[in-house]
Structure formats: structure tokens, C-alpha cells
Amino acid sequence: MKIALMDSGIGLLPAAAAVRRLRPDADLLLSNDPDGMPWGPRTPEDLTARALAVALAAAEHRPAALIVACNTATVHALPAIRAALEPDIPVIGTVPAIKPAAAAGGKVAIWATPATTGSAYQRGLIRDFADGAEVTEVPCPGLADAVEHADPEAVDRAVAAAAALTPGDVRTVVLGCTHYELVENRILAALQARGRAGLPPLVFFGSADAVAAQALRRVGAEPAPDADPTGTLSVLLSGRPGPIPATALGYAEGRLLGSAAPAH
């Protein structure tokens, strides 16, 4: 079983690692776009063209399913990718986990890119799934780029700025960009540093585990975390075979994936 994941950069690592944990025997294909990143500042039409090219490059390797492990690409390009690949290859998008976060109770903060924060897309999700919860949208300029380049000082600056915009009494934080899950511990530390005396521990909601489980459901596979770790790893860089990006190895998820045998 081969599962492909796509993103402009290393934001696909959390979902890929989640698939690896659920099915150590699955072959993984990571399809990145170093020639075209970042996707966020592009027009919707340009972004869709880049994302579709990355998806088609992955599809040539005949995966059982493709995970669009990027919130921005899901917003703009998911219909085009599904039209090109389904029903032959199931396509799983990535949506902020607003519904389960609201169900947990208390105030909710959604950390997302500036382009997503306040967008009609995110406002629609809040309207449809927040179930009346008090939601604060928190823009995080520069955070995805800092994570992508594995720049800890830039990460901390961006996280601190976003933490300052986050109400001190929120109960749950939705990570509305796949890159952010790679620095969840830094986000937690910054929010706790602002003082939460008398409040319950913060709960984070990312998307990686949910999309990994959905990918398995779409291909009719059950989780088998105790399976033999025979799964291979292959990487496409704007359609060209290559190594896992060096910056990926700065994160635990990247090191987990990088320990797999390369596909031949």
C-alpha cells in the first residue's frame, strides 16, 4: 500500500508521520514543490496550477490515496485535484479541526496564516461547525515560513506575536496550518508563559491524525501500528525524485520518516 502526500514544503510531515505510525508497513511518497513555494502569496489560479502539477506528479507513481496536506491548497485546489484524480485515486483534503475543538467546550482560538484568517472559507467553517463557541481568529504572519526553514529564532518571534493576540482564557487552540503542528511545543510554551493560573491545560487540535485515519478508511485499510516497519519512503521535488529536505530532519516527524528505506 502506497500513500502519497503533497504540500509546497514540509507541512506534510505531521500527516506523513501519522500515517507511518498507523501503518509502519505502508510505502510513503512525499510530493513537494520547492520550485514554486511558498504557495500562500500566489493567486488562487496560480496556486491551483502549482498544486495540480504536484498532485499529478504523485499520481504517476500510482498511490492508493493522495493526502493534500496543506490547508491553503485544500481551500483553492482541492476541487481541481479531485476532478483530475478521482475516482481512481481518492483525494483527502485538510480542514481545520474546528468542530471537535468547539465540542470540547470553552473558548477556541484558531491559529492560521494571514491569508486564511478572516477568509470566507474559515468564517464558513466557524459558522457551520463552531456550534456557538466563542472563537478568536489569530493570524500568524511568518510562522509557516519560519517552520519551513527550520529557523528557531524566527519561529519564536512569530509564535510570540500570535500568542499576544490569543485571549488568555482560551481552552483549545486549533492549528489551522499543517506547518504549525511541527512546533506545537513552542506554541504551548509561549501560551503558558502568558499565565494560565487556575485554568485547565490547553488542548491542541491539529489535522494530521484525522487525515491519516481518513486516508486509510478511503482505501479500506485498518490501522496496524504493530505491523513490521517495512514501509519505504520516496520524495518528489517539483516532480523530480530527490532526498527528503534537510530541514525536515530538524523535526522529530522528519527523522521518523527519514529512517525508512528509500523506495526503488
The long-range amide H neighbours of Val174, using H built 1.01 Å from N in the peptide plane and a cut-off of under 5 Å, are Ala109, Ile110, Trp111, Phe205
Taking the chain as a Gaussian network, where each spring joins two C-alpha atoms under 10 Å apart, which residue of Ala69, Ala164, Ala146 fluctuates the most? Ala164
If packing is taken as the mean number of other Cβ atoms within 10 Å per residue, what is the order of 214-220, 76-82, 189-195, highest first? 76-82, 214-220, 189-195
Can you tell me the convex hull volume per residue for segment 1-68, based on C-alpha atoms, in Å³ to the nearest whole number? 73 Å³
Projected area averaged over all directions for the convex hull of the alpha carbon atoms of segment 95-159, nm², comes out at 4.6 nm²
Where the centroid of each part is defined by its Cα atoms, how far is segment 181-248 from segment 32-56 in Å? 22 Å
Using the heavy atoms of the protein chains and a 1.4 angstrom probe, tell me the accessible area per residue for the chain in square angstrom. 43 Å²
So for the chain, what are the equivalent ellipsoid semi-axes in whole Å, largest first, each being the square root of 5 times an eigenvalue of the Cα gyration tensor? 29, 19, 19
Which whole-number percent is the relative contact order of the chain (Cα, under 8 Å, 6+ apart)? 28 percent
By its C-alpha gyration tensor, with a ≥ b ≥ c as the square roots of the eigenvalues, how is segment 167-217 shaped: rounded for a/c under 1.5, else prolate for a/b larger than b/c, else oblate? prolate
How large is ³J(HN,Hα) for each residue in segment 118-134, as worked out from phi by the Karplus curve 6.51 cos²θ - 1.76 cosθ + 1.60 (θ = phi - 60°), to whole Hz, x for Gly and Pro? x, 6, 4, 4, 5, 4, x, 5, 5, 4, 7, 10, 6, 6, x, 5, 7
Carbon + sulfur, % of accessible area of segment 154-196 - ligands and nucleic acids excluded, 1.4 Å: 50 percent
Largest-first principal axis extents, alpha carbons of segment 136-201, Å: 36, 20, 17
Karplus-derived 3J(HN,Hα) from phi for segment 80-90 (6.51 cos²θ - 1.76 cosθ + 1.60, θ = phi - 60°), whole Hz, x at Gly and Pro, runs 5, 5, 5, 4, 7, 10, 7, x, 4, 10, x
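How many percent of DSSP beta bridges within the chain run antiparallel, rounded to 5?
Approximately 10 percent, going by the DSSP bridge assignments.
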Of the residues Leu28, Leu199, Leu236, which exhibits the maximal mean-square fluctuation in a Gaussian network model of the chain defined by a 10 Å Cα contact cut-off? Leu199
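The values are calculated or read from the model by the stated rules, or taken from the named source; none is laboratory data. Computed from a predicted structure; not experimentally measured. Ideal geometry is used to build each Cβ from the backbone, glycine not excepted, and the neighbour counts take in all protein chains shown. Calculation scope for accessible area: heavy atoms of the full protein, side chains included, ligands and nucleic acids excluded. Shrake-Rupley method; radii C 1.70, N 1.55, O 1.52, S 1.80 Å.
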